[in-house]
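Each remark here refers to the structure printed beneath this line.
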Amino acid sequence: MDRIATPYKRATNLEDFDAIVIGSGIGGLTTAALLSRLAGQRVLVLERHYTAGGYTHTFRRPGYEWDVGVHYIGSVHPKTLLGKFLGLITDSTLEWADMGEVYDRIVIDGQGYDLPAGRENLKARLKDYFPHEAAAIDAYFDLIRQVAQASGGYFLEKVLPPTLSNLFGHRLTESFDALASRTTREVLEELTDDQRLIAVLTGQWGDYGLPPSQSSFAMHAMLVNHYIHGAVYPVGGSARIAESIIPLIEEKGGQVLIRAEVEEIVVEGGRARGVRMADDRTIEAPLVISGAGLFNTYGHLLPPRVSRSLGLEHNLGQISPSAAHLCLYIGLQHTAEELGLEKTNLWVYPDEKIEQNLERIEEDRDAALPLVYLSFPSAKDPDFSRRFPGRATIEAITVAPFDWFKKWEGTPWKKRGDDYEAFKEQFSQRLLEVLYEQVPQLRGKVDFYELSTPLTTQHFCAYEKGEIYGLDHSPSRFRQPFLRPRTPIEGLYLTGQDIATCGVAGGLFGGVLCAASVIQKNPSMMVKAAIELLRR
């Protein structure tokens, strides 16, 4: 049971709201908090899950707790704009633990490559590993900086009124578009022929879900820039994010309700008028803001007649869902210190042939896992040992095509049958074996493990293909003009990762852009700050 949000069935007085937000992910909560704090609006947030927070929530099993989506965040402190926005929507009640000098380690065929905090530190370390590629590395970081600087105009254009966008939009986005329209591999192979260097530079591609040959270089560059000064982890676990935001929404008379499933967005006379719930109750408000993702909003929540009449179904044909994944949640009856666990995340690859390995496992499930990401949350969180004394947790993640699980689609959670459990157990053991290869002292010490699949994501987050990052981050995604907060329907707005990019910063950024579009009184200051988020 959620510790801070109210179950829908217990809610009273669901009237006179200024806005309804569908979904309590970081985008939805950010928009709700900004509308509450900056515009004094009374906002109702509706969450279908049994807990608030979207991918920032945590879940528990006896003696353990794991985050489901927040494994680390780019450096946060009060002087950065990300830190300032987080402070604004949480009343500066969140604490952050620094992950130290090395936040990520790329492991390729057993050889490790550390990614240290600090632009110059990272450049120097890469040159130590690849001394013959110093010029390529310098050119690479110049491009990272170019994208960061150009991203401002791209995101600013998203909140311009249509008339201004038509007049000035292209001038704002052209520099960004030039690099966003190319794949990461295309750009890097113009800088170097060294495939091992390319594999190291792109080793974090799992943070946005597309391999180098498919991802937009702009997405890759923004991700690298996000972590360029290091990484932090929320003290008390990622659930503290929603716990810190919700009181600000409630202070203005708003509410955050869980187990509150929206069946349909009510549209009358060309305008959003509210929502119809799964129990057939209608809740009215002059503004409806969807953080449920573009596919859900346009494909399922809007009446089909509305989507067809506005050509929104055509828009959905221009975009694709992001990757699905498996995550093994592991518990141990020892502390992180006793086990010698580091804070550093590990990205483990069998070799530098990223795309070939992905293609191979799609054809043969017994092929080597193309990528395993290992995170050690109990080592990152200094408060974990107080909450769960004598315990430690680990997460092991790999990619997994949704088609592998299609035969069980529609079966109930936790009751999918013995063959499903056997399939999960096979991959659980494979993920554990990779963990033991990287951290051999853990062999024989695992107390508990549980595997989530794309069907788990589908069940809890309502993503049709079990995608973790909403829309994919291909060059095509960044060319779509309809990915903006304002929709063709008056009173209906979009928020979250589909508007900006994925991750906590990207989802929060989408929430800021949405709030700026809604408030309109003086959005310039908000937008000016917002467009810097991914530069820092």
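The values are calculated or read from the model by the stated rules, or taken from the named source; none is laboratory data. Please read these numbers as outputs of a predicted model, since none were measured by experiment. Every residue, glycine as well, gets a Cβ built from its backbone with ideal geometry; the counts of neighbours run over all protein chains shown.
The sole residue among K415, K353, K380, K406 that is buried (at least 22 other Cβ atoms within 10 Å of the Cβ) and either at positive phi or among the basic types (K, R) (or both) is K380. Within segment 225-234, the set of residues being surrounded by 24 or more Cβ atoms within 10 Å (Cβ to Cβ) and closer than 22 Å to D498 by Cβ comprises H226 only. So which helices (runs of 4 or more DSSP H) stay within segment 338-414 end to end and still have 3 or more residues that are under 21 Å from G466 (Cβ atoms) and under 26 Å from the mean Cα position of the chain (by Cα)? Because the criterion is at least 3 residues that are under 21 Å from G466 (Cβ atoms) and under 26 Å from the mean Cα position of the chain (by Cα), the helices (runs of 4 or more DSSP H) in segment 338-414 that meet it are 354-363. Looking at segment 172-277, the strands (runs of 3 or more DSSP E) lying wholly inside it that each contain 2 or more residues that are farther than 19 Å from G54 by Cα sit at 231-234, 262-268, 271-277. Scanning segment 201-217 for residues that are farther than 16 Å from F478 by Cα, hydrophobic (A, V, I, L, M, F, W, C) and out of contact with any Pro (no Cβ under 6 Å at 6 or more places or on another chain) returns a single hit, L201. The single condition among (1) outside the structural domain of E284 (by TED's automatic domain parsing); (2) out of contact with any Ser or Thr (no Cβ under 7 Å at 6 or more places or on another chain); (3) small (G, A, S) that G69 does not satisfy is (2). On inspection, E425 passes the criterion of being surrounded by 11 or more Cβ atoms within 10 Å (Cβ to Cβ) and over 14 Å from D366 (Cβ atoms).
Residues of segment 9-28 include none that is modelled with pLDDT under 95 and in contact with a helix residue (DSSP H, G or I) (Cβ under 6 Å, 6 or more places away or on another chain). Meeting the requirement of 3 or more residues that are in contact with a strand residue (DSSP E or B) (Cβ under 6 Å, 6 or more places away or on another chain), the strands (runs of 3 or more DSSP E) wholly within segment 1-119 are 19-22, 43-46, 64-67, 96-98, 102-108, 111-116. One residue stands out among those in segment 453-491 that are under 16 Å from W404 (Cα atoms) and of a type in the set (D, E): the one that is farthest from the chain's Cα centre (by Cα), which is E464.
Being touching a Phe, Trp or Tyr at 6+ places or on another chain (Cβ under 8 Å) and polar (S, T, N, Q) is the requirement here; does T184 meet it?
Numbers: touching a Phe, Trp or Tyr at 6+ places or on another chain (Cβ under 8 Å): yes; polar (S, T, N, Q): yes.
Yes; evaluated as a whole, the condition is true for this residue.
Inclusion of L346 among residues that are buried (at least 22 other Cβ atoms within 10 Å of the Cβ), in contact with a strand residue (DSSP E or B) (Cβ under 7 Å, 6 or more places away or on another chain) and outside the structural domain of L44 (by TED's automatic domain parsing) is not warranted.
Condition check: in contact (Cβ under 8 Å) with a residue 40 or more places away in the chain, buried (at least 19 other Cβ atoms within 10 Å of the Cβ) and not assigned by TED's automatic domain parsing to the domain that holds C514. Does S181 satisfy that? Show your work before the answer.
Numbers: in contact (Cβ under 8 Å) with a residue 40 or more places away in the chain: yes; buried (at least 19 other Cβ atoms within 10 Å of the Cβ): no; not assigned by TED's automatic domain parsing to the domain that holds C514: yes.
No; evaluated as a whole, the condition is false for this residue.
Restricting to segment 156-176, name every residue that is touching a residue at least 24 places away in the same chain (Cβ under 8 Å) and in contact with a Phe, Trp or Tyr (Cβ under 7 Å, 6 or more places away or on another chain). The one that is touching a residue at least 24 places away in the same chain (Cβ under 8 Å) and in contact with a Phe, Trp or Tyr (Cβ under 7 Å, 6 or more places away or on another chain): F176. Only one entry in Y449, Y463, Y420 is over 28 Å from S24 (Cα atoms) and either of a type in the set (A, V, I, L, M) or surrounded by 15 or more Cβ atoms within 10 Å (Cβ to Cβ) (or both), namely Y420. If you go through segment 241-258 one residue at a time, do you hit one that is in contact with a strand residue (DSSP E or B) (Cβ under 9 Å, 6 or more places away or on another chain), surrounded by fewer than 18 Cβ atoms within 10 Å (Cβ to Cβ) and either of a type in the set (S, T, N, Q) or under 30 Å from Y154 (Cα atoms) (or both)? So far as segment 241-258 goes, no, none of its residues is in contact with a strand residue (DSSP E or B) (Cβ under 9 Å, 6 or more places away or on another chain), surrounded by fewer than 18 Cβ atoms within 10 Å (Cβ to Cβ) and either of a type in the set (S, T, N, Q) or under 30 Å from Y154 (Cα atoms) (or both).
For segment 295-324, the tally of residues that are buried (at least 23 other Cβ atoms within 10 Å of the Cβ) and under 19 Å from G69 (Cβ atoms) stands at 3. Only a single criterion out of (1) at pLDDT 95 or above; (2) touching a Gly at 6+ places or on another chain (Cβ under 7 Å); (3) of a type in the set (V, I, T) is not satisfied by V446, namely (2).
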